[in-house]
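Shown next, in structure tokens, is the structure this report addresses.
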Amino acid sequence: MVTAGQAYVAEVFEKVKRANPHEVEFLQAVEEVFDSLAPVFDAYPNYIAENLLERLVEPERIISFRVPWLDDKGQVQVNRGYRVQYSSAIGPYKGGLRFHPSVTQSIIKFLGFEQIFKNSLTGLPIGGGKGGSNFDPKGKSDAEIMRFCQSFMTELQKHIGPSLDVPAGDIGVGGREIGYLFGQYKRLNGYENGVLTGKGLAYGGSLTRKEATGYGVVYFMEQMLEAKGDSLADKTAIVSGSGNVAIYAIEKLQEKGAKVVACSDSSGYIYHENGLDLAAIKQIKEVERGRIKAYLDHHPDAVFYPREEGRIWDLKADLAFPCATQNELEERDAKTLIQNGLIAIAEGANMPSTLEATKAFQKAGVLFGPAKAANAGGVAVSALEMSQNSMRLSWSFDEVDEKLYAIMKGIHQSASQAAEDFGHSGDLVVGANIAGFLKVAEAMSQQGLI
Ligand code: NDP
Ligand code: 2IT
């Protein structure tokens, strides 16, 4: 029998598909969330009457704009910029900016949609938003990056503010880019330190923000293992990517006594049987902005597999942390990992596992920490950066780290509890979706038809 909740969710999903036929990534993110929500609408039929889901899935506002800039040869380049202000039900729009050639409206909408639930799960008062550009930072000089950021912010500044919309970093946007973006915002509007997060420590940034997403994903994994009487010590782990999230996930894993044997970038992966040397990776990625293959110059005993010659998920490990990008882990990868004895996976990237891969892990009993729960540490500490900016003071590294730990533990608890309450005990995908949704739904319901 089809329940009223199931019928309502299915009907709204059909409408979303019809309205956004080419937005594949967006529809994937929506399907994953919608799959979880039917029992909520059965429990709260007033949300059906208020047509809450159809309202929530439509962004409050989509801003798309031209970003013209001059390259070092003096030639005019043009990119497309976006900011999707998805939901302000529980706070100002909050979410990162992604600079990557693959960026489309579909990508930014999927990320913004996910961000609503993730931000709600942190327990902090932040709404959901996301932005970015199809600009490719690879191979650009510092001066080109600066000119691009200045042009991007010249338009974006019309739409953001400390109580309105607070962007931060994501793929291709780190400390350097946030610095240039902040400088241009300040030039046009005066000093407003709460308008961006992920800022440098010299001008209003928070200690532990750089580390927060990577540390948080490891804290989340630790919670999943502890709930089963297990721990991180002596586990073998694979971490994909070698950017901000991957680097600090590796750092925390090593601190906790796990051995990380592999990481990657878009050109391929390195395998180092004795465990990765993180100092070498930081030197290559954070200082030289180079390719991961350069790890072999530091450690000739490691092996590099070019992208065409193998997948990082072919390696044997107890724990997997996809920390690069969406849909990087497919069903075939899940099957290999399961065959090789994987115990648990925590998603550092946004939507790194395809829907089929997620189902395969869950079916096989692998502990699964979905992105919107497991990688919420970054945005959580961004919200703490906003708090410190408002108070005009700064907390110590340990103070922020302790708050981060408590938030990640709280997210694991509320996702576990919601899963149990709605009849899906142990399913953190369903639990995270429901727990994240409930607060936003309550806020929307109380605020009337807006
Ligand atoms: P970075 O730009 O610092 O690093 C991205 C890493 O992923 C690089 O190693 C990059 O390799 C690799 N990568 C990116 N795109 C692709 C691709 N299409 N195929 C293969 N590899 C790819 O980004 P972050 O570490 O900040 O972000 C990584 C993931 O984590 C993203 O999904 C992001 O949305 C998510 N995330 C980030 C947060 C943050 O605070 N920064 C918070 C929560 C989630 P290459 O250099 O070769 O492109
Ligand atoms: O996906 C994400 O949560 C981020 N890129 C971080 C967003 C933020 O506002 O810190």
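The values are calculated or read from the model by the stated rules, or taken from the named source; none is laboratory data. None of the values given here were measured: they were computed from a predicted structure. Every residue, glycine as well, gets a Cβ built from its backbone with ideal geometry; the counts of neighbours run over all protein chains shown.
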- Query: So which of Lys199, Lys228 ends up being basic (Lys, Arg), in contact with a Ser or Thr (Cβ under 9 Å, 6 or more places away or on another chain), assigned to a loop (DSSP other than H, G, I, E, B) and at pLDDT 95 or above?
  - Reply: Lys199
- Taking region 282-307 as the region of interest, how many residues are within 15 Å of ligand 1 (Cβ to nearest atom), aliphatic (A, V, I, L, M) and either in contact (Cβ under 8 Å) with a residue 24 or more places away in the chain or in contact with a His (Cβ under 9 Å, 6 or more places away or on another chain) (or both)? 2
- Task: Answer yes or no as to whether Val67 is without any contact (Cβ under 8 Å) to a residue 60 or more places away in the chain and either away from ligand 2 (no atom under 13 Å from the Cβ) or not aromatic (Phe, Trp, Tyr) (or both).
- Result: no
- Task: Report those helices (runs of 4 or more DSSP H) wholly inside region 331-392 carrying at least 1 residues which are surrounded by 24 or more Cβ atoms within 10 Å (Cβ to Cβ) and among the charged types (D, E, K, R).
- Result: 371-374, 377-391
- Sort out which residues of region 75-116 are within 13 Å of ligand 1 (Cβ to nearest atom) and closer than 13 Å to Ala380 by Cα, and write them in order of number. Lys94, Gly95, Gly96, Gln115
- Note on the structure: Note: among Gly139, Gly179, Gly190, just one is without any contact (Cβ under 8 Å) to a residue 60 or more places away in the chain, more than 19 Å from Ala376 (Cβ to Cβ) and within 12 Å of ligand 1 (Cβ to nearest atom), namely Gly139
- Limited to region 36-64, what total is found for residues that are farther than 27 Å from Gly131 by Cβ and touching a residue at least 60 places away in the same chain (Cβ under 8 Å)? 7
- Message: Looking at region 308-329 only, could you name the residues that are more than 23 Å from the chain's Cα centre (by Cα), of a type in the set (D, E, K, R) and within 14 Å of ligand 1 (Cβ to nearest atom)?
- Response: Glu308
- Task: Filter region 259-268 down to residues that are within 14 Å of ligand 1 (Cβ to nearest atom) and not in a loop (DSSP other than H, G, I, E, B) and give me whichever is surrounded by the most Cβ atoms within 10 Å (Cβ to Cβ).
- Result: Cys263
- Scope region 393-406; condition surrounded by fewer than 24 Cβ atoms within 10 Å (Cβ to Cβ), in a helix (DSSP H, G or I) and of a type in the set (A, V, I, L, M, F, W, C); matching residues: Phe397, Val400, Ala406
- Message: surrounded by fewer than 24 Cβ atoms within 10 Å (Cβ to Cβ), more than 16 Å from ligand 1 (Cβ to nearest atom), over 17 Å from Gly91 (Cβ atoms) and of a type outside the set (Asp, Glu): is that true of Ser163 in this structure?
- Response: no
- Message: For region 234-257, give me each residue that is among the small types (Gly, Ala, Ser) and assigned to a loop (DSSP other than H, G, I, E, B).
- Response: Ser240, Gly241, Ser242, Gly243, Gly257
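For (1) more than 16 Å from ligand 2 (Cβ to nearest atom); (2) farther than 21 Å from Phe117 by Cβ, each residue gets a yes or a no:
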position: Arg332; (1), (2): yes, yes
position: Lys335; (1), (2): yes, yes
position: Asn350; (1), (2): no, no
position: Ala357; (1), (2): yes, no
position: Val379; (1), (2): no, no
position: Leu384; (1), (2): no, no
position: Gln388; (1), (2): no, yes
position: Gly431; (1), (2): yes, no
- Residue list for region 85-127, filter: of a type in the set (S, T, N, Q) and within 11 Å of ligand 2 (Cβ to nearest atom): Gln115, Asn119, Thr122
- Message: Can you go through Ala371, Ala364, Ala383 and tell me which one is within 16 Å of ligand 1 (Cβ to nearest atom), modelled with pLDDT of 95 or more, more than 20 Å from Glu25 (Cβ to Cβ) and not hydroxyl-bearing (Ser, Thr, Tyr)?
- Response: Ala383
- Message: Quick test for you: out of Tyr295, Tyr271, pick the one residue that is under 24 Å from Arg176 (Cβ atoms), surrounded by 18 or more Cβ atoms within 10 Å (Cβ to Cβ) and of a type in the set (Ser, Thr, Tyr).
- Response: Tyr295
- Of the residues Ala279, Ala227, which is over 20 Å from the mean Cα position of the chain (by Cα), closer than 19 Å to Met408 by Cα and more than 16 Å from ligand 1 (Cβ to nearest atom)? Ala227
